[in-house]
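Asks: A single structure is presented below for examination.
The values are calculated or read from the model by the stated rules, or taken from the named source; none is laboratory data. In this text, all values refer to a predicted model and were calculated from it rather than measured experimentally. Methodologically, a virtual Cβ is constructed for each residue, glycine included, from the backbone with ideal geometry; neighbour enumeration extends over all protein chains shown. Side chains included, ligands, DNA and RNA excluded: accessible areas come from the protein's heavy atoms. Shrake-Rupley method; radii C 1.70, N 1.55, O 1.52, S 1.80 Å.
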Amino acid sequence: GYESQSMVSASTLTALAFVVFSVLPNAKAFQPVSLNLGLRGFSTGRLNQCLVHNGWRTPASISMSGALENDLMVRVARGEETERTPVWLFRQAGRHLPEYEAYKKETGCNFLQLLEKPEHVAECTMQPIRRYNLDAAILFSDILVVAEALGIDVEMPGGKGITVPRPLTGPEDFKERIPKTIDVQEKLSHVISSVKLIKKELNGKVPLIGFSAAPWTLMYYMVGGTSKINQEEGERWLQEHPAEAQELLDILTAVVVDYTSAQIDAGADMMQIFEAMGDFISKESFYKYAMPCMQKIQKQLRERHPDVPLLVFPRGATYALVDLQQAGYDVVTMDTNTARAATRDALAADAQAQTPPNLRKGPAGLQGNFDVKLLKEGEGSKAEVEAAAAAMLEELGPQRLIANLGEGLTGKEDPELVACLVDSIHSISDKMIAERSAVGV
(Lines give C-alpha, C1' and ligand atoms only; values in the text may rest on other atoms or scores of the structure.)
Protein backbone atom coordinates (compact mmCIF):
# COMPACT_ATOMS: atom_id res chain seq x y z
CA GLY A 1 0.00 0.00 0.00
CA TYR A 2 1.03 3.60 -0.50
CA GLU A 3 2.37 5.23 2.65
CA SER A 4 2.23 8.82 1.42
CA GLN A 5 -0.37 10.74 -0.50
CA SER A 6 2.40 12.61 -2.31
CA MET A 7 3.52 9.38 -3.94
CA VAL A 8 0.17 8.83 -5.64
CA SER A 9 -0.21 10.56 -9.00
CA ALA A 10 -3.41 10.99 -10.94
CA SER A 11 -2.21 8.48 -13.53
CA THR A 12 -1.48 5.95 -10.79
CA LEU A 13 -4.93 6.44 -9.31
CA THR A 14 -6.54 6.03 -12.71
CA ALA A 15 -4.54 2.86 -13.33
CA LEU A 16 -5.55 1.54 -9.93
CA ALA A 17 -9.19 2.35 -10.68
CA PHE A 18 -8.93 0.52 -13.98
CA VAL A 19 -7.49 -2.57 -12.30
CA VAL A 20 -10.07 -2.52 -9.50
CA PHE A 21 -13.11 -2.08 -11.71
CA SER A 22 -12.04 -3.97 -14.83
CA VAL A 23 -11.93 -7.25 -12.94
CA LEU A 24 -15.60 -6.87 -12.15
CA PRO A 25 -18.44 -7.76 -14.52
CA ASN A 26 -19.99 -4.66 -16.13
CA ALA A 27 -17.40 -2.62 -14.27
CA LYS A 28 -18.43 0.80 -15.54
CA ALA A 29 -21.96 0.34 -14.26
CA PHE A 30 -20.87 -1.28 -11.00
CA GLN A 31 -22.10 0.46 -7.86
CA PRO A 32 -20.43 -1.10 -4.81
CA VAL A 33 -21.85 -0.22 -1.41
CA SER A 34 -18.37 -0.36 0.11
CA LEU A 35 -14.91 -1.07 -1.17
CA ASN A 36 -12.16 -1.50 1.42
CA LEU A 37 -8.94 -0.50 -0.34
CA GLY A 38 -6.74 -0.76 2.74
CA LEU A 39 -4.41 2.06 1.66
CA ARG A 40 -2.83 4.03 4.50
CA GLY A 41 -2.91 7.79 3.89
CA PHE A 42 -4.90 7.31 0.68
CA SER A 43 -6.91 10.19 -0.77
CA THR A 44 -10.37 8.86 -1.49
CA GLY A 45 -11.43 12.14 -3.03
CA ARG A 46 -8.62 12.03 -5.60
CA LEU A 47 -9.53 8.48 -6.63
CA ASN A 48 -13.16 9.48 -7.11
CA GLN A 49 -12.15 12.50 -9.21
CA CYS A 50 -9.97 10.32 -11.44
CA LEU A 51 -12.69 7.70 -11.85
CA VAL A 52 -15.30 10.28 -12.84
CA HIS A 53 -12.86 12.00 -15.22
CA ASN A 54 -12.36 8.71 -17.03
CA GLY A 55 -16.05 7.94 -17.33
CA TRP A 56 -16.52 5.53 -14.43
CA ARG A 57 -19.84 5.62 -12.60
CA THR A 58 -18.78 5.19 -8.99
CA PRO A 59 -20.07 5.78 -5.51
CA ALA A 60 -19.42 9.34 -4.34
CA SER A 61 -16.61 8.19 -2.07
CA ILE A 62 -14.62 5.04 -1.47
CA SER A 63 -13.05 5.01 1.97
CA MET A 64 -10.94 2.72 4.08
CA SER A 65 -13.90 1.95 6.35
CA GLY A 66 -16.62 1.97 3.72
CA ALA A 67 -18.44 4.28 1.34
CA LEU A 68 -19.06 7.91 2.24
CA GLU A 69 -21.19 9.96 -0.09
CA ASN A 70 -19.62 13.11 1.36
CA ASP A 71 -16.04 12.88 2.64
CA LEU A 72 -15.15 16.60 2.61
CA MET A 73 -14.53 16.71 6.36
CA VAL A 74 -12.20 13.73 6.34
CA ARG A 75 -10.29 15.07 3.38
CA VAL A 76 -9.75 18.46 5.02
CA ALA A 77 -8.51 16.78 8.20
CA ARG A 78 -6.00 14.79 6.15
CA GLY A 79 -4.71 17.93 4.50
CA GLU A 80 -6.29 17.38 1.09
CA GLU A 81 -7.86 20.05 -1.07
CA THR A 82 -11.62 20.03 -1.50
CA GLU A 83 -14.11 21.42 -3.99
CA ARG A 84 -15.88 23.41 -1.25
CA THR A 85 -15.45 24.17 2.44
CA PRO A 86 -17.23 21.67 4.71
CA VAL A 87 -19.34 22.88 7.61
CA TRP A 88 -20.85 21.46 10.77
CA LEU A 89 -21.88 23.24 13.97
CA PHE A 90 -21.19 22.81 17.67
CA ARG A 91 -24.45 21.68 19.30
CA GLN A 92 -26.07 21.33 15.88
CA ALA A 93 -28.48 18.85 17.43
CA GLY A 94 -30.77 19.85 20.25
CA ARG A 95 -32.71 22.72 21.63
CA HIS A 96 -32.63 25.23 18.76
CA LEU A 97 -34.60 22.75 16.63
CA PRO A 98 -38.42 22.67 16.86
CA GLU A 99 -38.36 18.96 16.04
CA TYR A 100 -36.10 18.32 19.03
CA GLU A 101 -38.49 20.05 21.41
CA ALA A 102 -41.37 18.12 19.85
CA TYR A 103 -39.46 14.85 20.30
CA LYS A 104 -38.80 15.56 23.96
CA LYS A 105 -42.50 16.22 24.45
CA GLU A 106 -43.45 13.09 22.52
CA THR A 107 -41.11 10.85 24.54
CA GLY A 108 -41.57 12.59 27.88
CA CYS A 109 -37.79 12.64 28.28
CA ASN A 110 -35.48 15.44 29.31
CA PHE A 111 -31.99 15.82 27.83
CA LEU A 112 -30.25 13.41 30.19
CA GLN A 113 -32.99 10.80 29.80
CA LEU A 114 -32.68 10.96 26.01
CA LEU A 115 -29.01 10.01 26.34
CA GLU A 116 -29.87 6.72 28.02
CA LYS A 117 -31.38 5.02 24.96
CA PRO A 118 -29.60 4.57 21.62
CA GLU A 119 -32.79 5.07 19.61
CA HIS A 120 -33.27 8.52 21.19
CA VAL A 121 -29.62 9.42 20.64
CA ALA A 122 -29.78 8.36 17.01
CA GLU A 123 -32.95 10.34 16.36
CA CYS A 124 -31.54 13.52 17.89
CA THR A 125 -28.26 13.08 16.01
CA MET A 126 -30.10 12.72 12.70
CA GLN A 127 -32.48 15.68 13.10
CA PRO A 128 -30.01 18.39 11.98
CA ILE A 129 -28.76 16.13 9.17
CA ARG A 130 -32.28 15.95 7.80
CA ARG A 131 -32.88 19.70 8.14
CA TYR A 132 -29.54 21.20 7.01
CA ASN A 133 -26.99 20.39 4.32
CA LEU A 134 -24.30 19.64 6.89
CA ASP A 135 -21.07 17.82 6.07
CA ALA A 136 -20.91 15.75 9.27
CA ALA A 137 -23.04 14.38 12.06
CA ILE A 138 -21.85 14.52 15.64
CA LEU A 139 -22.86 12.08 18.34
CA PHE A 140 -25.69 13.52 20.44
CA SER A 141 -24.27 13.23 23.94
CA ASP A 142 -22.88 15.27 26.82
CA ILE A 143 -19.36 16.03 27.98
CA LEU A 144 -20.10 14.67 31.48
CA VAL A 145 -20.92 11.07 30.53
CA VAL A 146 -17.33 10.16 31.46
CA ALA A 147 -17.82 11.66 34.93
CA GLU A 148 -21.05 9.70 35.28
CA ALA A 149 -19.24 6.50 34.32
CA LEU A 150 -16.85 7.15 37.21
CA GLY A 151 -19.74 7.37 39.67
CA ILE A 152 -20.37 11.13 39.69
CA ASP A 153 -24.06 12.07 39.77
CA VAL A 154 -25.14 14.50 37.05
CA GLU A 155 -28.45 16.36 37.09
CA MET A 156 -30.26 18.89 34.92
CA PRO A 157 -32.50 21.09 37.09
CA GLY A 158 -34.74 23.33 35.03
CA GLY A 159 -33.06 26.49 33.80
CA LYS A 160 -29.72 25.77 35.48
CA GLY A 161 -28.02 23.59 32.90
CA ILE A 162 -26.00 20.47 33.66
CA THR A 163 -24.79 20.29 37.27
CA VAL A 164 -22.89 17.92 39.54
CA PRO A 165 -24.89 18.09 42.80
CA ARG A 166 -22.22 16.37 44.91
CA PRO A 167 -18.80 17.50 43.65
CA LEU A 168 -15.64 16.10 45.14
CA THR A 169 -14.93 17.95 48.39
CA GLY A 170 -11.27 17.09 48.77
CA PRO A 171 -8.54 14.46 48.34
CA GLU A 172 -10.10 11.98 50.78
CA ASP A 173 -13.48 12.23 49.08
CA PHE A 174 -11.76 11.70 45.71
CA LYS A 175 -9.99 8.55 46.90
CA GLU A 176 -13.18 7.15 48.42
CA ARG A 177 -15.50 7.80 45.46
CA ILE A 178 -13.48 7.58 42.23
CA PRO A 179 -12.27 4.18 41.00
CA LYS A 180 -8.77 3.85 39.57
CA THR A 181 -10.15 2.46 36.32
CA ILE A 182 -13.39 1.44 34.66
CA ASP A 183 -14.50 -0.74 31.76
CA VAL A 184 -15.97 1.71 29.25
CA GLN A 185 -17.56 -1.16 27.31
CA GLU A 186 -19.69 -1.77 30.39
CA LYS A 187 -20.16 1.70 31.88
CA LEU A 188 -20.67 3.49 28.55
CA SER A 189 -22.19 0.67 26.54
CA HIS A 190 -25.27 2.79 25.73
CA VAL A 191 -23.08 5.39 24.02
CA ILE A 192 -21.19 2.78 22.03
CA SER A 193 -24.46 1.19 20.94
CA SER A 194 -25.68 4.64 19.93
CA VAL A 195 -22.66 5.16 17.67
CA LYS A 196 -23.36 1.87 15.91
CA LEU A 197 -27.02 2.75 15.39
CA ILE A 198 -26.20 6.25 14.10
CA LYS A 199 -23.73 4.84 11.58
CA LYS A 200 -26.42 2.50 10.34
CA GLU A 201 -28.95 5.32 9.96
CA LEU A 202 -26.47 7.65 8.28
CA ASN A 203 -25.84 4.93 5.70
CA GLY A 204 -22.67 6.67 4.50
CA LYS A 205 -24.28 10.07 3.85
CA VAL A 206 -21.71 12.02 5.91
CA PRO A 207 -19.00 11.16 8.45
CA LEU A 208 -19.85 10.71 12.11
CA ILE A 209 -17.83 12.68 14.64
CA GLY A 210 -17.37 11.12 18.05
CA PHE A 211 -16.27 13.22 20.99
CA SER A 212 -15.24 13.50 24.59
CA ALA A 213 -14.47 16.25 27.03
CA ALA A 214 -10.78 16.62 27.81
CA PRO A 215 -9.60 15.67 31.32
CA TRP A 216 -9.27 19.22 32.69
CA THR A 217 -12.84 20.05 31.66
CA LEU A 218 -14.10 16.88 33.35
CA MET A 219 -12.12 17.64 36.51
CA TYR A 220 -13.46 21.20 36.53
CA TYR A 221 -17.04 19.93 36.81
CA MET A 222 -16.20 17.05 39.15
CA VAL A 223 -14.71 19.38 41.78
CA GLY A 224 -16.73 22.55 41.09
CA GLY A 225 -20.14 21.20 40.21
CA THR A 226 -21.22 23.72 37.56
CA SER A 227 -19.95 26.16 34.98
CA LYS A 228 -21.78 29.08 36.59
CA ILE A 229 -20.46 29.13 40.19
CA ASN A 230 -17.38 27.83 42.02
CA GLN A 231 -15.39 28.68 38.89
CA GLU A 232 -12.15 28.94 40.88
CA GLU A 233 -12.46 25.48 42.47
CA GLY A 234 -10.61 23.55 39.77
CA GLU A 235 -7.62 25.88 39.79
CA ARG A 236 -7.64 25.76 43.59
CA TRP A 237 -7.31 21.98 43.46
CA LEU A 238 -4.34 22.27 41.13
CA GLN A 239 -2.61 24.66 43.55
CA GLU A 240 -3.56 23.10 46.91
CA HIS A 241 -3.78 19.39 46.01
CA PRO A 242 -1.37 18.98 43.08
CA ALA A 243 -0.65 15.27 43.65
CA GLU A 244 -4.31 14.29 43.92
CA ALA A 245 -5.26 16.58 41.04
CA GLN A 246 -2.66 14.90 38.85
CA GLU A 247 -3.90 11.47 39.91
CA LEU A 248 -7.47 12.42 38.99
CA LEU A 249 -6.33 13.81 35.62
CA ASP A 250 -4.40 10.59 34.93
CA ILE A 251 -7.49 8.48 35.65
CA LEU A 252 -9.60 10.72 33.40
CA THR A 253 -7.03 10.60 30.60
CA ALA A 254 -7.02 6.80 30.56
CA VAL A 255 -10.83 6.68 30.51
CA VAL A 256 -11.07 9.29 27.73
CA VAL A 257 -8.63 7.29 25.59
CA ASP A 258 -10.59 4.06 26.08
CA TYR A 259 -13.93 5.82 25.56
CA THR A 260 -12.97 7.61 22.35
CA SER A 261 -11.23 4.50 21.05
CA ALA A 262 -14.42 2.51 21.64
CA GLN A 263 -16.40 5.09 19.67
CA ILE A 264 -13.99 4.71 16.76
CA ASP A 265 -14.25 0.93 16.96
CA ALA A 266 -18.04 1.34 16.82
CA GLY A 267 -17.80 3.38 13.63
CA ALA A 268 -16.95 7.02 14.40
CA ASP A 269 -15.02 8.48 11.45
CA MET A 270 -13.40 11.39 13.30
CA MET A 271 -12.79 12.26 16.94
CA GLN A 272 -13.26 15.68 18.57
CA ILE A 273 -11.71 16.51 21.95
CA PHE A 274 -13.38 19.41 23.79
CA GLU A 275 -11.34 21.36 26.33
CA ALA A 276 -14.36 23.52 27.08
CA MET A 277 -13.17 25.13 30.32
CA GLY A 278 -9.98 26.80 29.13
CA ASP A 279 -11.27 30.11 30.51
CA PHE A 280 -10.99 28.80 34.06
CA ILE A 281 -7.41 27.63 34.21
CA SER A 282 -4.30 29.78 34.27
CA LYS A 283 -1.95 29.58 31.31
CA GLU A 284 0.77 28.16 33.54
CA SER A 285 -1.55 25.47 34.88
CA PHE A 286 -2.85 24.72 31.40
CA TYR A 287 0.60 23.79 30.17
CA LYS A 288 1.49 21.93 33.37
CA TYR A 289 -1.71 19.93 33.75
CA ALA A 290 -4.13 20.13 30.80
CA MET A 291 -1.76 20.00 27.84
CA PRO A 292 0.03 16.76 28.86
CA CYS A 293 -3.36 15.03 29.06
CA MET A 294 -4.26 16.11 25.52
CA GLN A 295 -0.84 15.07 24.27
CA LYS A 296 -1.33 11.58 25.76
CA ILE A 297 -4.81 11.30 24.25
CA GLN A 298 -3.52 12.17 20.78
CA LYS A 299 -0.52 9.84 21.04
CA GLN A 300 -2.50 6.84 22.23
CA LEU A 301 -5.40 7.33 19.80
CA ARG A 302 -2.98 7.70 16.91
CA GLU A 303 -1.27 4.46 17.94
CA ARG A 304 -4.60 2.62 18.11
CA HIS A 305 -6.25 4.27 15.09
CA PRO A 306 -3.50 5.68 12.83
CA ASP A 307 -5.82 6.86 10.03
CA VAL A 308 -8.59 8.50 12.07
CA PRO A 309 -8.52 12.33 12.07
CA LEU A 310 -8.30 13.98 15.49
CA LEU A 311 -9.80 17.42 16.18
CA VAL A 312 -9.33 19.56 19.29
CA PHE A 313 -11.04 22.67 20.70
CA PRO A 314 -9.38 24.46 23.66
CA ARG A 315 -12.10 27.06 24.15
CA GLY A 316 -10.68 30.01 26.08
CA ALA A 317 -7.14 28.70 25.66
CA THR A 318 -6.55 29.09 21.94
CA TYR A 319 -3.11 30.49 22.74
CA ALA A 320 -2.21 26.77 22.70
CA LEU A 321 -3.26 26.01 19.10
CA VAL A 322 0.31 25.92 17.78
CA ASP A 323 1.31 23.56 20.59
CA LEU A 324 -1.67 21.33 19.89
CA GLN A 325 -0.57 21.21 16.26
CA GLN A 326 2.81 19.97 17.47
CA ALA A 327 0.99 17.47 19.68
CA GLY A 328 -0.25 15.90 16.44
CA TYR A 329 -3.86 17.03 16.21
CA ASP A 330 -5.05 17.22 12.60
CA VAL A 331 -7.54 20.07 13.09
CA VAL A 332 -7.34 22.80 15.73
CA THR A 333 -10.30 25.01 16.59
CA MET A 334 -10.60 28.77 17.06
CA ASP A 335 -13.09 30.22 19.49
CA THR A 336 -14.98 33.43 18.72
CA ASN A 337 -12.18 35.67 20.00
CA THR A 338 -9.34 33.99 18.09
CA ALA A 339 -7.58 36.08 15.43
CA ARG A 340 -8.11 34.28 12.14
CA ALA A 341 -5.32 35.27 9.77
CA ALA A 342 -2.75 35.46 12.57
CA THR A 343 -3.62 31.94 13.67
CA ARG A 344 -3.31 30.57 10.14
CA ASP A 345 0.08 32.30 9.78
CA ALA A 346 1.33 31.04 13.15
CA LEU A 347 0.43 27.44 12.31
CA ALA A 348 2.19 27.68 8.94
CA ALA A 349 5.34 29.20 10.45
CA ASP A 350 5.45 26.59 13.21
CA ALA A 351 5.00 23.71 10.76
CA GLN A 352 7.80 25.08 8.59
CA ALA A 353 10.13 25.25 11.59
CA GLN A 354 9.23 21.78 12.89
CA THR A 355 7.16 19.16 11.06
CA PRO A 356 4.06 18.30 13.13
CA PRO A 357 3.28 14.59 13.69
CA ASN A 358 -0.24 14.90 12.26
CA LEU A 359 -1.73 13.09 9.27
CA ARG A 360 -0.73 15.84 6.88
CA LYS A 361 2.80 16.28 8.30
CA GLY A 362 2.17 19.98 7.83
CA PRO A 363 0.03 22.84 9.11
CA ALA A 364 -3.07 21.61 10.90
CA GLY A 365 -6.46 22.30 9.44
CA LEU A 366 -8.45 25.07 11.09
CA GLN A 367 -11.97 24.88 12.46
CA GLY A 368 -14.30 27.72 13.48
CA ASN A 369 -15.13 30.47 14.22
CA PHE A 370 -18.37 32.12 13.07
CA ASP A 371 -20.00 34.31 15.72
CA VAL A 372 -23.10 32.48 16.93
CA LYS A 373 -24.74 35.76 17.95
CA LEU A 374 -25.57 36.49 14.31
CA LEU A 375 -27.80 33.40 14.24
CA LYS A 376 -30.02 34.39 17.14
CA GLU A 377 -33.64 35.02 16.34
CA GLY A 378 -34.29 38.74 15.96
CA GLU A 379 -30.61 39.73 16.10
CA GLY A 380 -29.32 38.88 12.63
CA SER A 381 -30.52 38.77 9.04
CA LYS A 382 -29.76 36.48 6.15
CA ALA A 383 -27.80 39.26 4.46
CA GLU A 384 -25.67 39.75 7.58
CA VAL A 385 -25.07 36.02 7.94
CA GLU A 386 -24.01 35.70 4.31
CA ALA A 387 -21.70 38.72 4.57
CA ALA A 388 -20.09 37.40 7.76
CA ALA A 389 -19.62 33.95 6.19
CA ALA A 390 -17.93 35.55 3.18
CA ALA A 391 -15.65 37.60 5.44
CA MET A 392 -14.63 34.50 7.39
CA LEU A 393 -13.81 32.58 4.22
CA GLU A 394 -11.85 35.53 2.86
CA GLU A 395 -9.76 35.82 6.04
CA LEU A 396 -9.07 32.10 6.45
CA GLY A 397 -9.21 30.91 2.86
CA PRO A 398 -11.62 28.17 1.75
CA GLN A 399 -9.09 25.32 1.84
CA ARG A 400 -7.86 23.38 4.89
CA LEU A 401 -10.84 24.84 6.74
CA ILE A 402 -13.80 23.26 8.50
CA ALA A 403 -16.33 26.04 8.92
CA ASN A 404 -17.97 26.02 12.33
CA LEU A 405 -18.91 28.34 15.18
CA GLY A 406 -16.70 29.96 17.80
CA GLU A 407 -18.93 28.42 20.48
CA GLY A 408 -21.95 26.15 20.50
CA LEU A 409 -25.52 26.96 19.53
CA THR A 410 -27.37 28.20 22.60
CA GLY A 411 -30.95 27.21 21.75
CA LYS A 412 -32.04 30.74 20.84
CA GLU A 413 -31.06 30.56 17.17
CA ASP A 414 -33.37 30.87 14.18
CA PRO A 415 -33.16 27.66 12.11
CA GLU A 416 -33.59 29.71 8.94
CA LEU A 417 -30.46 31.70 9.77
CA VAL A 418 -28.59 28.49 10.61
CA ALA A 419 -29.58 27.08 7.21
CA CYS A 420 -28.45 30.33 5.60
CA LEU A 421 -25.01 29.99 7.21
CA VAL A 422 -24.57 26.39 6.05
CA ASP A 423 -25.69 27.13 2.50
CA SER A 424 -23.64 30.34 2.32
CA ILE A 425 -20.45 28.54 3.35
CA HIS A 426 -20.99 26.03 0.58
CA SER A 427 -21.94 28.43 -2.19
CA ILE A 428 -19.33 31.09 -1.43
CA SER A 429 -16.47 28.63 -0.93
CA ASP A 430 -17.42 26.71 -4.08
CA LYS A 431 -17.17 29.94 -6.07
CA MET A 432 -13.93 31.03 -4.38
CA ILE A 433 -12.22 27.69 -5.01
CA ALA A 434 -13.36 27.58 -8.66
CA GLU A 435 -12.12 31.13 -9.26
CA ARG A 436 -8.76 30.48 -7.61
CA SER A 437 -8.34 27.25 -9.53
CA ALA A 438 -9.04 29.05 -12.78
CA VAL A 439 -6.15 31.46 -12.19
CA GLY A 440 -3.86 28.82 -10.77
CA VAL A 441 -3.98 29.91 -7.13
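Asks: Counting heavy atoms of the protein chains only and a 1.4 Å probe, report the per residue accessible area for the range 120-167 as a whole number of Å².
Replies: For the range 120-167, the solvent-accessible area averages 34 Å² per residue.
Asks: Still on this model: Could you please state, rounded to a whole Å, how far the C-alpha centre of the range 176-199 is from the C-alpha centre of the range 387-441?
Replies: 35
Asks: Here's something else I'd like to know. Ignoring ligands, DNA and RNA, please state the percent of accessible area on the range 342-441 from carbon and sulfur, probe 1.4 Å.
Replies: 48
Asks: How much of the accessible area of the range 120-165, probe 1.4 Å, is carbon plus sulfur, in whole percent?
Replies: About 44 percent, which is the carbon plus sulfur part of the accessible surface.
Asks: Would you mind checking which residues have amide H under 5 Å from ILE402's amide H? H placed 1.01 Å from N; only 5 or more apart, or other chain.
Replies: LEU366, GLN367, GLY368
Asks: Between ALA243 and ALA387, what's the calculated FRET efficiency when r is the beta-carbon distance and R0 is 56 Å? Round to 0.05. Before the final figure, lay out the partial values.
Replies: Working: r = 52 Å, r/R0 = 0.94.
That pair, ALA243 with ALA387, gives E of 0.60.
Asks: Could you list, in their original order, any pairs among LYS200/LYS299; LYS196/LYS288; LYS175/LYS199; LYS196/LYS382; LYS104/LYS376 whose Cα atoms are separated by more than 27 Å?
Replies: LYS200/LYS299; LYS196/LYS288; LYS175/LYS199; LYS196/LYS382
Asks: Per residue of the range 123-138, in order, report the coupling 6.51 cos²θ - 1.76 cosθ + 1.60 (Karplus, θ = phi - 60°) as ³J(HN,Hα) in whole Hz, putting x for Gly and Pro.
Replies: Using θ = phi - 60°, the values come out as 4, 5, 5, 7, 4, x, 5, 6, 7, 10, 8, 7, 9, 7, 9, 10 Hz.
Asks: Moving on. Per residue, how much accessible surface does the range 308-378 expose to a 1.4 Å probe? Answer in Å², no decimals.
Replies: In whole numbers, the range 308-378 has 35 Å² accessible per residue.
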